[in-house]
Amino acid sequence: MVSVINTVDTSHEDMIHDAQMDYYGTRLATCSSDRSVKIFDVRNGGQILVADLRGHEGPVWQVAWAHPMYGNILASCSYDRKVIIWKEENGTWEKTHEHTGHDSSVNSVCWAPHDYGLILACGSSDGAISLLTYTGLGQWEVKKINNAHTIGCNAVSWAPAVVPGSLIDQPSGQKPNYIKKFASGGCDNLIKLWKEEEDGQWKEEQKLEAHSDWVRDVAWAPSIGLPTSTIASCSQDGRVFIWTCDDASGNTWSPKLLHKFNDVVWHVSWSITANILAVSGGDNKVTLWKESVDGQWVCISDVNKGQGPVSTSVTEGQQNEQ
């Protein structure tokens, strides 16, 4: 049974494009076409506006919380070509850095696993992906992957800092060899996987082709070190694919169609245990999907916009979607 446990009246004056809970689930950040970013304290079912952050000059597409070991830090990206990093100091939120290195809308921001330090990936309509690394004393180093996606990049998502298979294979006491990787999705209908080389440069490792229109979102699933790596993708073509890779080299990815919706699918998001995928689309619905024992993905809920549970059975959920 899936039900809506809380709704938040954000008082945004235009469409909300993203909403993200912080690490502890106590605060909610939202962003909107009204150019603002808002932070709410949502503990115990409440909703107290903590901050109303103004600094962008266009619609704000996405927000991302950094890991709390680095303090209370939030990144936002906008149509105004800027990425802003906000930080809370002594109870007050301030702009701590502004990245203006893109020539077009910045559509996606995603923090790397905290094991790597404070690194932010940013995907832009100018086709480039930039990586901002905090080097201390308020300084950020920028690396840029030009022409990552022709026409534009819509989404970026980091691979977990867990070596596939390490839960089973890792010799005790040996530090794992982390290799930084992330996935991106673009207007070329492609998902691309990127890997950091030993010299610190980023190289395209894989192209994943299955979508027939713009890829709107990619989400690399969390991992506890099992051998299989998993990525979800969604597109303007209405389709959601689950990509899996079972070989340690990471070279062979196979797609499985989760569902074909009747409208654009904007976002895909994994539960923290990576066994449930949330999908939101142009039909204003969020559906939750789970892999069954036989490997089929089934709809376990169907939450209409603001209306709580619509159906609880798998069959009803699937009928509603077709």
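The values are calculated or read from the model by the stated rules, or taken from the named source; none is laboratory data. This is a predicted model, so every value here is computed, not measured. Quick reminder, even Gly has a Cβ in these numbers, built from the backbone with ideal geometry, and neighbours come from all protein chains shown. Keep in mind that these areas ignore ligands, DNA and RNA; they rest on the heavy atoms of the full protein, side chains included. Shrake-Rupley method; radii C 1.70, N 1.55, O 1.52, S 1.80 Å.
Odds and ends about this structure:
- When the charge dipole of the chain is built from unit charges on Cβ atoms (+1 for Lys and Arg, -1 for Asp and Glu) and taken about the Cα centre, the candidate among 91, 281, 220 whose Cα reaches farthest toward its positive end is 91.
- Listed residue (137, 62, 189) projecting farthest to the positive dipole end of the chain, Cβ model: 137
- What you get for the chain, charging only the Cβ of Lys and Arg (+1) and of Asp and Glu (-1), is a dipole of about 240 debye around the Cα centre.
- By average C-beta atoms within 10 angstrom, highest first, the peptides 7-16, 74-83: 74-83, 7-16
- Cβ-placed point charges (K, R +1; D, E -1), dipole of the stretch 32-85 about Cα centre in debye, nearest 20: 60 debye
- For the stretch 28-173, the solvent-accessible area works out to 42 Å² per residue, with a probe of 1.4 Å and every protein chain left in place.
- Carbon/sulfur fraction of accessible area - the chain, other protein chains in place, 1.4 Å, %: 47 percent
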